[in-house]
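Engineer: Encoded as structure tokens, here's the structure I'll be asking about.
FYI, it's all coordinate maths here, none of it is from the lab. Computed from a prediction, not measured in an experiment: that's the story for all the values here. FYI the Cβ positions are ideal-geometry reconstructions off the backbone, even for glycines, and counts take in every protein chain you see.
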Amino acid sequence: MSGLITYQTIVIHDHTEKEWKEKLNKEFRDLLDKDFLLSVGIGEAVNNAIEHGNYPVILELQYNQNILDMRIKDHGNGFDVKKKFRDIERYGTEKLMSDIVLEERGRGILMMMQIFQKVQYNEMGNEVFLWRETREDAKAI
């Protein structure tokens with residue numbers, strides 16, 4: 001994949017399309033197979049959009065020279081982004097993770113912040129932008 005720009009858009013129309021990973025083209029599947037944490041992070045972001053938003057959910061990925069840019073947008077009402085990030089800033093990701101590590105909910109954004117170098121939401125809270133530098137020589141776990 002080095003040197004080439006790879007771009008893909010996947011639209012998830014309803015809850016029956018849970019196999020969105022299978023829709024990824026070969027280049028992205030190879031990357032996710034090599035980088036388990038990346039796969040977990042993308043899965044968390046997409047599943048959050050599916051669970052908390054409205055359809056369709058749009059997943060856009062672009063890979064260029066070891067940089068993965070993603071945009072995940074749902075058509076729901078979003079959430080209070082400022083409050084969530086104020087809490088994260090106030091208490092810190094490690095403290096918050098230790099408080100909720102065994103909980104079923106509430107870990108998604110914290111996990112994404114540990115996996116990606118950049119996590120940004122639009123003001124409405126229904127669109128997330130994720131950025132991560134990857135390594136071509138990463139080994140599968």
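Engineer: Rounded to the nearest 20 debye, what is the charge dipole size of region 5-133 about its Cα centre when +1 sits on each Lys and Arg Cβ and -1 on each Asp and Glu Cβ?
Structural biologist: 260 debye
Engineer: Give the long-range amide H neighbours of residue 126: residues separated by 5 or more places, or on another chain, with amide H under 5 Å away, using H modelled in the peptide plane at 1.01 Å from N.
Structural biologist: Correct list: 79.
Engineer: What are the ³J(HN,Hα) values, in whole Hz, obtained from phi via the Karplus relation 6.51 cos²θ - 1.76 cosθ + 1.60 with θ = phi - 60°, for each residue of region 33-46 in sequence order, with x given for Gly and Pro?
Structural biologist: Result, ordered by residue: 5, 7, 10, 4, 4, 4, 4, 4, x, 5, x, 5, 5, 5 Hz.
Engineer: Next question. Anything over 31 Å Cα to Cα? Flag those among 34/73; 21/84; 26/118; 23/118; 26/83; 23/83, in the order listed.
Structural biologist: Too far apart for the 31 Å limit: 26/83; 23/83.
Engineer: How much net charge surrounds residue 75 when only the other residues with a Cβ under 13 Å from the Cβ of residue 75 are counted, with Lys and Arg +1 and Asp and Glu -1?
Structural biologist: Around residue 75, the charge tally is -2.
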